[in-house]
Every structure is written in structure tokens, then in C-alpha cells.
Amino acid sequence: MSTAPPERSSGDGAILVSRVSHGLLSLVTRSLRRHLVGRLQGWSFEPPAPEWRPPHADRTALYLHVPFCRSCCPYCPYTKAPYDEALVGPYTTAAVAEVDRWADAIGPASIASVYVGGGTPTHALDGVAQVLARVRTRFRVEGDICVETSPSDITGETVRRLNDLGVSLISLGVQSFQSRQLNAIGRRYDPVTAERALTLLTRGGFRSVNADIMFAIPGQTENEVVADLARAAELGANQITTYPLFTFPYTSVGQYLRLSAVRMPNLVSRHRQYSAISAWCREHGYRRVSVWSFKRGDAPRYSSVTRDGYIGIGPGAGSHLADGFVLNTFDLAAWIEALNAGRSPVALRMPFTGQMQGWWWLYWRFYDTRVPLDVLGEAFGSDASKARRVLKSIALAGLGRRNGSAFELTDRGAFWVHLLQNYFALSYVNTIWTTARQTPWPHSVQI
């Protein structure tokens, strides 16, 4: 019998290299986190303690998650459920109850903005109307109401109902005006439907209309991406949000390998198309307002994420509070059952230290591509000098520069921020959401 060790296949070698790389990345990540936010900040999401209560808030934002989709895009990682009219009623009752729970807990706060996402919220506008009515009753809504929707849902009647609800900012998930690209990502409408929907919205009296455009789809060229931007502009979109296919690395939970010909775009292709997008927008009067978005004119910016604090309503909704981050159960049935029984639907919580709050704030200012320097001290306190050193390092690398009272990312810096979001920050989300989808009430998630 031979005593020689078994030969390794090339696959074994690839696995070993992957494990070593992952280990090194984890070590670097832990060291960087400790340097930035200190040893006291924990990195574990766990069920909230029985005695925990949300802190009082005078002002916040509100996110309403409507999970229903008639056609579930295979690359989408968000909490969603096949549309079933019989589920809309129970969902609405539970959402109204959750609004009441938050109002009882934090008080009649001012709501700086309401964002309604999904899923496809326009599948369940009657339910959305009831929830918004309760929000207006229990809180002081002072900001815009923002809704996202899909081309297949938009008719003249839908536009009228959105106006009746007081919606002022709206986003349409166009993705592309080209049949080949739509087919590649599993979208079930044609370009004419997308064009008609965007036209109805831009003529519908909304303060701002955003069009989502996807780039770096396999086989897609820079000219095709630019053609989609030009068509969105021609049809009247005053904001265009661009993002690469598979913004989220959720192969484990998004199951987008059902699109067998589709893979993550390579870095060179992504960079070329991102640069082409930036150049086209600059030449056609759209200024950058985030790493993804470009806006023209005086219309307010449409953004789903850059709120300093918010409460989340619905299955899988998160809340950013003064003392940390909490996440509802992702399971629609478990979420409804908890609220019907008078229990909290919050499944996980990660407390924040004061240092963490400052770096969380800076992360989203990088997303905005603009850091207001006059409030840096207020955001960071004793850590402000450390934050200034980070900005100085970014400037030395040619990724940002001071412009008056703000620090702004260059186009190159914006590209690298969006890339880091894909491969670094969103890997945290992948870890959390993978576990949250496996069980309604996880015991712990370490990031």
C-alpha cells in the first residue's frame, strides 16, 4: 500500500486558495474594524433582549416594505412573495399594527420622508393607502412620499391613484429599453411597455421621476448602455440611477444562477461602462448625486438609502435607531403572526457604540460622494481627527478632493466606492440575509 499523500485535483487547489484568501480578507477586515470603531463595538446580530425598547425619537424617516411580486426577478435578493390577493389583507392589517407599535414606542415623531419599496408596491395600492393613512394619523409626515414600481404596473389609473396618495417622488425599474438585455435578466415586459410607463410617469405631475438602468449585463456594450441613458432622458426622467447586474453577491439566497448564461461582470467591463455613464451624464446636464445616481434640474433627489435614521415596516424591513440597527423577520407568515399576537416582529438587533454611529454616517456620505466637513466634528466627536486622516488618505490616492466646505469623491473615487459596496459592505448583508431567510427567528448572526 502506498504511503504517498493523495494527489490534489486542480479543484482542491482552487478551494485551498479561496480559503486562504478568505482568511486573509477576514483578518484585514477585523483589524480595520477594530482600528476605526474600537474594541467595544460588537459585530453580532442577535435577538433583542426582552427588556429592550426602541429609544424615543423626535424626527426620523419611515420605510414600508411591500413584498408582493407577480414576477419575481431571479437576481433580486429582497424579501418578496408571489402576489396573492388573499395575502394583501392580512399584510395590511399587520403593517398597520406595526405602525402603531412604533408610534407607541418612539412617540409621535416627525417623519422626514416615507419610502415605499418592495417587491412591487403598486401591486397592493389599497393596502399601501391604508398604511399611509395610519402613518399620517400616528406621526407628523413632513417630507416626500417615495414609491418604486415596475413598467408592467403603470397605467393612467395607477398614476392617478399614486397622486391621490400624495406620492411626489417615484422610481421606475426600467433596467433597459432593449429586448435582448431584458430577456437576459429575466424581465417579462418589452421595451414599448417600459417606454410607455416612463412617459406616463414623467407626465404624471410628480416632483421627481427616477429611471433605474442596469449596466454590465453580459454581452452589453458601452454604446448600448449609453443608448438606454439617452432614451430615459428623452422620455423625461430627471434622475437616472445606474447599477451593475448583481449589485448584491447573493448567489446563496438570490438563486440567480437560474439565469445560467449570466455571471458577475468583470472589473474591466464594469469600469469602462461606469466611465461611459459618468461621461454621458456630465455632457448631458445630469450631475452626480450618489455613486449610482445622476440628476438634472432642480427636482429633489430620489434616494432609497441615505437616511440618517429610519423605522422599517414590513417583513425583512430594517430600522436604524439611535442605539443601533434592528431587522424584522424575513418570513411573511411569521411577521403577520407576531403582529396579530401583539408581539414584536423584530428578529435581530446589533447595538451601536458612539464611534460606530460616526463611521456609519461617513459610509453613507461616501455613497452621496460628498462629505460636509462643517459637521464632521458633530458626527464623530473625539474620532473626528481619525476621520480627517481617512479623508486625507483618500485625497492622496487621487480618489477625492476638498471643494469649499465639503470633501468630494472624484469619478474614480466614486467607482471604487461602488465596487467596495459590492465586495465588502454587501458581503455583510449577504451573511445576515442568508441566515434570515433560512429561519424566521435566527439565534445569532456574526458578521
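Okay, here's what the table says:
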quantity: Residue under evaluation ALA395, criteria (1) closer than 30 Å to ALA49 by Cβ; (2) open to solvent by less than 60 Å² (accessible area, probe 1.4 Å); (3) free of Cβ contacts under 8 Å to residues at least 60 places away in the same chain, criterion not met; calculated: (1)
quantity: Check on LEU420, open to solvent by 60 Å² or more (accessible area, probe 1.4 Å), within 24 Å of SER303 (Cβ to Cβ) and among the aliphatic types (A, V, I, L, M); calculated: yes
quantity: Residue identified as in contact with a Ser or Thr (Cβ under 6 Å, 6 or more places away or on another chain) and not in a strand (DSSP E or B) among TYR367, TYR363; calculated: TYR367
quantity: Verdict on PHE215 being within 18 Å of VAL159 (Cα to Cα) and among the aromatic types (Phe, Trp, Tyr); calculated: no
quantity: Evaluation of HIS320 against (1) in contact with a helix residue (DSSP H, G or I) (Cβ under 6 Å, 6 or more places away or on another chain); (2) not in a loop (DSSP other than H, G, I, E, B) (one fails), failing number; calculated: (1)
quantity: Test result for SER290, buried (at least 20 other Cβ atoms within 10 Å of the Cβ), modelled with pLDDT under 95 and not hydrophobic (A, V, I, L, M, F, W, C); calculated: yes
quantity: Tally of residues being modelled with pLDDT of 80 or more and open to solvent by 70 Å² or more (accessible area, probe 1.4 Å) across segment 38-83; calculated: 9
quantity: Segment 335-359 residues that are over 30 Å from LEU391 (Cβ atoms), paired with ones that are in a helix (DSSP H, G or I) and of a type outside the set (Val, Ile, Thr) (beta carbon under 6 Å, 6 or more apart); calculated: ILE336/PRO90; ILE336/ALA94; LEU339/ALA94; LEU339/ALA97; LEU339/GLU98; PRO345/TRP335; PRO345/ALA338; PRO345/LEU339
quantity: Condition met for ALA338 (open to solvent by 60 Å² or more (accessible area, probe 1.4 Å), in contact with a Pro (Cβ under 9 Å, 6 or more places away or on another chain) and either closer than 30 Å to GLY119 by Cβ or among the small types (Gly, Ala, Ser) (or both)); calculated: no
quantity: Pick from segment 185-203, criterion of a type outside the set (D, E, K, R) and part of a loop (DSSP other than H, G, I, E, B), ranking: nearest to SER150 (Cα to Cα); calculated: TYR189
quantity: Breaking point among (1) within 28 Å of PRO82 (Cβ to Cβ); (2) crowded, with 17+ Cβ neighbours inside 10 Å; (3) of a type in the set (D, E, K, R), for ARG349; calculated: (1)
quantity: Residues satisfying the stated conditions in segment 141-158, i.e. over 30 Å from PRO108 (Cα atoms), open to solvent by 70 Å² or more (accessible area, probe 1.4 Å) and of a type outside the set (S, T, N, Q); calculated: GLU157
quantity: Residue satisfying all of: in segment 293-330; over 19 Å from the mean Cα position of the chain (by Cα) and at pLDDT below 95; surrounded by the fewest Cβ atoms within 10 Å (Cβ to Cβ) among these; calculated: ASP298
quantity: Options ARG161, ARG138; residue that is more than 29 Å from SER269 (Cβ to Cβ), without any contact (Cβ under 8 Å) to a residue 40 or more places away in the chain, in contact with a Phe, Trp or Tyr (Cβ under 9 Å, 6 or more places away or on another chain) and surrounded by fewer than 22 Cβ atoms within 10 Å (Cβ to Cβ); calculated: ARG138
quantity: Pairs with Cβ under 8 Å, 6+ apart, first in segment 50-61 and farther than 20 Å from ILE111 by Cα, second part of a strand (DSSP E or B); calculated: TRP52/ARG349
quantity: 2 or more residues farther than 22 Å from ALA233 by Cα: qualifying strands (runs of 3 or more DSSP E) within segment 81-178; calculated: 110-118
quantity: Test set (1) at pLDDT 85 or above; (2) surrounded by fewer than 12 Cβ atoms within 10 Å (Cβ to Cβ); (3) part of a helix (DSSP H, G or I) - SER21 fails condition number; calculated: (1)
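The values are calculated or read from the model by the stated rules, or taken from the named source; none is laboratory data. This one's a predicted model, so the numbers in the text were calculated from it and none came from an experiment. Positions of Cβ are backbone-derived with ideal geometry, glycine not excepted, and every protein chain shown enters the neighbour counts. Heavy atoms of the whole protein, side chains included, go into the accessibility calculation; ligands, DNA and RNA do not. Shrake-Rupley method; radii C 1.70, N 1.55, O 1.52, S 1.80 Å.
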